């Protein structure tokens with residue numbers, strides 16, 4: 001896996017330059033390699049046996065999700081939902097539980113709107129009992145980005161004050 005087995009990205013194989021732009025290596029004539037988390041590699045390998053027809057069927061499901069999400073919002077100006085069903089997971093995990101067979105459980109509230117191209121904003125709504133932030137997602141109709149920003153601004157004005165951001169360690 002190269003010099004950086006726990007990192008994702010392009011790295012100079014000599015390890016001299018760390019995470020850099022691939023074009024910068026090519027300009028210097030240095031070799032580079034792609035390093036991927038094992039979780040991501042395992043998850044991607046599930047697609048090795050899929051055909052082009054399988055890929056098109058999956059794309060059809062994306063378009064169906066888009067249609068359904070847009071239709072569900074027709075009667076509403078905005079949708080408020082949690083950003084995620086959990087507050088946080090370990091920073092060194094690619095997804096909660098680090099299980100490549102269950103990579104999407106934490107994005108169930110956001111994925112439909114990514115697929116439907118609807119503007120959405122995630123904002124801190126408060127904190128759980130452990131002090132971790134709870135995300136509120138504000139979704140608008142397609143092309144109403146300004147409306148979503150205004151709604152987020154209104155929410156920030158109306159909610160109780162949040163605690164100050166932590167200072168980074170020195």
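A short reminder: the numbers here are calculations on the coordinates, not readings from a lab. Everything numeric in this text was worked out from a predicted model, so none of it was measured. Cβ placement follows ideal geometry from the backbone for every residue including glycine, while neighbour counts extend to all protein chains displayed.
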Taking a point 7 angstrom from the Cα of residue 134 along the C-beta vector, which residues in the range 76-90 have backbone N less than 20 Å away? 79-90
Let's test the formula: R0 of 25 Å, r as the Cβ-Cβ distance of residue 99 and residue 55. What FRET efficiency results, to the nearest 0.05? 0.60
Provide the gained length on full extension for the span residue 117 to residue 88, in nm with one decimal, where the gain is 0.36 nm per separating residue minus the Cα-Cα distance. 7.9 nm
Can you give the Kirkwood hydrodynamic radius for the range 63-144, in Å, rounded to one decimal and based on Cα pairs? 13.8
For residue 67 and residue 155, calculate 0.36 nm times their separation in residues minus their Cα-Cα distance, and state this gained length in nm to one decimal. 28.9 nm
For the range 31-170, just say rounded, prolate or oblate: build the C-alpha gyration tensor, square-root its eigenvalues into a ≥ b ≥ c, call rounded for a/c under 1.5, and beyond that prolate if a/b exceeds b/c, oblate if not. oblate
With Kirkwood's inverse mean 1/r over C-alpha pairs for Rh, give me the Rg to Rh ratio of the range 75-119, two decimals please. 1.05
